[in-house]
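To keep things clear, I will list the structure first and then write my remarks on it.
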Amino acid sequence: MTASLIDYLVEYRGIESNYHDAWGKPTTIAAATKEKLLKAMGYDVDDSNALQQLAEDEVNHTWLSPLGPVQVIRTGIEFHIAVRLPIELVDDKYEAVISTEQGGEVVCSFVPVDGQLTNVAHIEDVEFQEYVVKLEVTLPLGYHSLSLQADKDELANMRLIVAPQSCYKPQEILDGKKVWGVSVQLYCLRSETNWGIGDFSDLAYLLEKSAKQGAHFVGLNPIHALYPAQPNACSPYGPSSRRWLNFIYIDVTAVEGYEQKTVQDLINTPEFADKLRNSRNVELVDYETVTALKLTALEAVFEYQDTLYFSKNTKNNRAFKAFISEGGDSLQTIAIYDALQESLAKKGEPSWGWPVFPEELSDFHKSGVKAFAKKNKKRVKFFLWLQWQAAQQLEQANQVARDNNMCIGLYRDLAVGVSEGSAEIWGNKNLYCVGASVGAPPDELGPLGQTWGLPPMDPEKLYEQQYQPIIDLFRSNMYATGALRIDHVMALLRLWWVSKGDDATEGGYVYYPVDDLLGILALESQRNKSMVIGEDLGTVPPEIREKLAENGVYSYRVFFFEQSKDGGFFSPEHYPKQSMATLTTHDMPTLNGYWNCYDLELGKDLSLYPTQEILNGLYNSRHRNKQAILDTLHAHHSVTDEVGYDVNYVGMSRALNFGMQLHMAGGSSELLSLQLEDWLAMDKPVNIPGTSSEYPNWRRKLTQDLHSIYSDDALNKLALDLTEMRKNVSRRI
C-alpha cells in the first residue's frame, strides 16, 4: 500500500484532513482514522493490490460513462454538462435530448471540442477527454431526463434536476410578519382521551388552541416509524424509516370501526381498561403497554374494515390501494420489515434488527423475504394499513392548522439518520456504510463527543442512485406540513463519521455534495410550500451558514449559545431575520433545569464529565452566564424589578421565566419557537446527549394535560403577550 494511493482516495472520497473544532482550534485527522473511514466505505486498506485495483476500477467506470448519473442545475444560471469521450469522438456532433417531467422534449446539438477541456485520462492506451459544454436551453423546474445521442443512438443518459434559487417562504413572512409557535415532543402530551401517549388528535387540539392564542405553528419532534416489535427502542432520532410514520401516534378512537361491538367488547374488558388507565397515569411513557394496547385495538378495527371494504370495489379500497401504489417499494419495505421483526420476536428468535435476522431474510430483496411476505400477506397488509391511517390523521391535523389560518401550521423534524437495524438500511444496504456511525466531535453540548449509532449514507452511492433517497426523504417529510426542521443540517455539507467501536474523538469529517442537496431541498420546499429550518448548532463551518442563508434555509438560534467573546449575551434584536430563535432544545436542560443547574447534577451522576475540574469549570461558567442573562434582561427592560439584579439572590420564578420568553419575542428572527416544558416550569430534560439506558430519554410526559394548559389564565396571558410582542416587532422593523 502506498501513502499516495491512500491520500488520493481520502481526497477522492471527500474525507477531511483538517478542521476547526467547536472552539476554533485547528485540528488534524489522524492517518489511522482516514484508513478506517475508507474501510467503512468498502476499501480493503489492508491489501494494497486489491486497493489499487478498486481505485483503478472506479476511475475507469467514471471515464467509461459519457455522462454522470445526475446533475443539479439552478434556474437563472447557465446550463453546462460534462461529457467524457475517447479523443477520436470529441469532434463529432451530438444531441442532448431532454425529456421534461411535464412531458415536453427539448433537443440541443453540440460538438464537445467547442466546450472547455477540463480533464484527460488514459485507459488501456486510449485517451479520454472531458469537456464541459454549454447548452442553450431554458427548462422548467423539476426532474427531467437527458439522453446523449449520436445519429439517434443513445450513448448515455442521466437525470437532470432543475431547482429554484431558494426555499419557500409564505407570503406573510415575505411581507415582514414575525410569528411564534410552540414546540413539543408529541409523545409527551397528556390528555383525558389519549392512551398514555400524545396522538394526532391531541396534536389537532394543540394546533387549534395555539392558533386562537396567535401562534402560527406547532413544531414536532421526529414522528418517524420506529419498531413495533421493539417498543423500548423509542428514540425519535434513531428511527427504522424516516419516510414513514410511527403508528403509535394514531388516535385509535378516531379510526372508523372503533365503535363496533367487536372492538368495544375488547377494550372494555377489565384487564384492558386497567392497563389503559395505568398507561395514562404513569409519569413516563410506557411504550410496551401503549404499543400492545394500540396494536390489539387496531387489529380489531382493521378486521372490521378489511371485511367491509377491502374485499370488494369500494371507495375505501381504491383509496387504500392508491396509497400502497404511491408508497412503492419503500412502503412495502417498512410493512414487511415490521411483520418480519414481529414474527421473529414472537418465536423468541433474535429480532432487534436485520443484522441478526436469518441469512435468507437479511435483505429486503432476497427471495426468502418475498416468500415470507406472500405467506404473511394479511399481516403485511395490516402494517400497510397502519401507515395509511397514520397519514390520514396527520393530514387531518394539518387541515386544522389551515382552517385556523396559521401561516405555517405543522412543522416537522427530519432526523439525521436511521439506526443500524432499521428497515431503511435493510431495503437499501448499498447506500449505507454500516461499519461507521454518525456523531459529533467534542463541543459544548457533548464535551466527550458523541456517537449516535446511525450508519451514514455513502455520498458516492447517493450520487449513483441519482439522489432519489434524499428526494424521497425531503418530499415525504414536507408532506402535510408548513415547515421542516432538518436536524444537524451540517450533514448536507459534511458528517462526522466514527468507525465502529471507536471513541467519538477518533472520528473524521466526510463531505457531501452540498450544492446539489441544497438545490433538491429548495425544489421540494417550493413544491410542497414548506419552509426549511436548519439546526446549525455545534461545530459549524462558516461556509455552511452562508450557503444555508443564500438558499433560503433558516438558521437555528438558541439564546444560550448566542454569546459574545466577553461573555455577554447578544440581544435577540441582532439575530438574523432569516432564523428561528428559541431558548432551549430537546438536547438541553429546561429553563428551570438550567437556572438550578439540574443538568450539571445529572451529568455528574451519570459520569458525563471526565474530571471534577471540568465539572467545577461548568458550574463557574454557568454562574457567570446567569449573571450575564440578568444583566441583558434588565438592560432591555424585559423584566421588572420583581426579578433581582444579583445572581446570588435570584432563583427561577415565573416572572423570570416569562420575562425570558418575552425577551426572545422582541427579537428580529422571523420565527420564534418556545417549548411547552418551559411554560410549565418543568425541571427534567427530554433527553441527555451521550446517554441511553442511564436516563429515561424520550419518555418524560408533560406535567399537565392539554386542557389544563389552555385553561390556565397565566399561560393564556403569556401567549397573548407573545402575540402582541411579535406584532409590535413586525410593525417596528
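Values quoted throughout were computed directly from the atomic coordinates according to the rules given, and no laboratory measurement underlies them. Please read these numbers as outputs of a predicted model, since none were measured by experiment. Glycine also receives a Cβ, built like all others from the backbone with ideal geometry; neighbour counts cover every protein chain displayed.
Okay, here's what the table says:
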{"item": "Spherically averaged projected area in nm², based on the convex hull that wraps the Cα atoms of the chain", "result": "35.0 nm²"}
{"item": "Relative contact order for the range 3-62, counting Cα pairs under 8 Å that sit 6 or more residues apart, in percent", "result": "24 percent"}
{"item": "Charge context of Arg402, other residues only, Cβ under 14 angstrom, K/R +1, D/E -1", "result": "-3"}
{"item": "Table column - 3J(HN,Hα) (Hz), the range 24-39, Karplus curve with 6.51, -1.76, 1.60, x for Gly and Pro", "result": "x, 7, x, 9, 10, 7, 5, 4, 5, 5, 4, 5, 5, 5, 4, 4"}
{"item": "Base-10 log of normalised Debye intensity for the range 1-156 (one unit scatterer per alpha-carbon) at q = 0.14 Å⁻¹", "result": "-0.87"}
{"item": "If the convex hull is drawn through the Cα atoms of the range 3-62, its volume per residue in Å³", "result": "86 Å³"}
{"item": "Cβ-defined net charge surrounding Ala522, 15 Å radius [Lys, Arg +1; Asp, Glu -1]", "result": "+2"}
{"item": "Long-range HN-HN contacts of Leu155 with modeled amide H, under 5 Å", "result": "Leu148, Gln149, Ala150"}
{"item": "Full-stretch length increase - Leu5, Lys577 - with 0.36 nm per residue and alpha-carbon distance subtracted", "result": "201.3 nm"}
{"item": "Charge tally in the Cβ shell below 13 Å around Leu414, where Lys, Arg are +1 and Asp, Glu are -1, Leu414 excluded", "result": "-1"}
{"item": "Per DSSP, loop chymotrypsin sites (Phe, Trp or Tyr not before Pro) in the range 566-643 with at most 15 further Cβ within 10 Å", "result": "Phe570"}
{"item": "Given charges at Cβ of Lys, Arg, Asp, Glu: the chain dipole, positive-most of Tyr554, Gly435, Gln185", "result": "Gln185"}
{"item": "Protection proxy ranking, peptides 202-209, 222-229, average beta carbon neighbours within 10 Å, highest first", "result": "222-229, 202-209"}
{"item": "With Cα atoms, 0 to 90° folded angle of helix 468-478 axis to the chain main axis", "result": "30 degrees"}
{"item": "Partners for Lys312 among aspartates and glutamates (Cα-Cα distance below 17 Å; same-chain residues under 8 apart left out)", "result": "Glu303"}
{"item": "Sorted by Cβ density within 10 Å, fewest first, the residues Glu424, Glu105", "result": "Glu105, Glu424"}
{"item": "The range 117-214: Lys pairs at Cα distance under 28 angstrom, eight or more positions apart or on different chains", "result": "9"}
{"item": "Efficiency of FRET from Cβ geometry, Lys374 and Thr269, R₀ 30 Å, rounded to 0.05", "result": "0.30"}
{"item": "Lysines whose Cα lies under 21 Å from that of Lys315, excluding same-chain neighbours fewer than 8 positions away", "result": "Lys378, Lys381"}
{"item": "Trypsin sites (Lys or Arg not before Pro) restricted to DSSP loop in the range 61-153 with at most 15 other C-beta within 10 Å", "result": "Lys93, Lys152"}
{"item": "Share antiparallel - DSSP beta bridges, the range 555-733, percent rounded to 5", "result": "10 percent"}
{"item": "Cβ charges +1 (Lys, Arg) and -1 (Asp, Glu), total dipole of the range 76-163, debye", "result": "420 debye"}
{"item": "Within the range 594-669, GluC sites (Glu not before Pro) in DSSP loop having at most 15 other beta-carbon neighbours inside 10 Å", "result": "Glu642"}
{"item": "Value at 222 nm in deg cm²/dmol, rounded to 500, when DSSP H runs of n ≥ 4 in the chain each add -39,500 (n - 2.57)", "result": "-12000 deg cm²/dmol"}
{"item": "Whole-Hz ³J(HN,Hα) from phi, Karplus 6.51 cos²θ - 1.76 cosθ + 1.60, for the range 582-595, glycine and proline x", "result": "7, 8, 9, 10, 5, 9, 10, x, 5, 4, 5, x, 5, 5"}
{"item": "Whole-Å distance, taken between Cα centres, linking the range 661-683 and the range 395-417", "result": "19 Å"}
{"item": "Inter-part distance where the range 255-293 and the range 439-463 are each reduced to a Cα centre, Å", "result": "39 Å"}
{"item": "Lysine pairs in the range 555-733 with Cα atoms under 23 Å, if 8 or more residues apart or on separate chains", "result": "8"}
{"item": "Rounded Å value of the spacing that divides the Cα centres of the range 166-198 and the range 126-141", "result": "44 Å"}
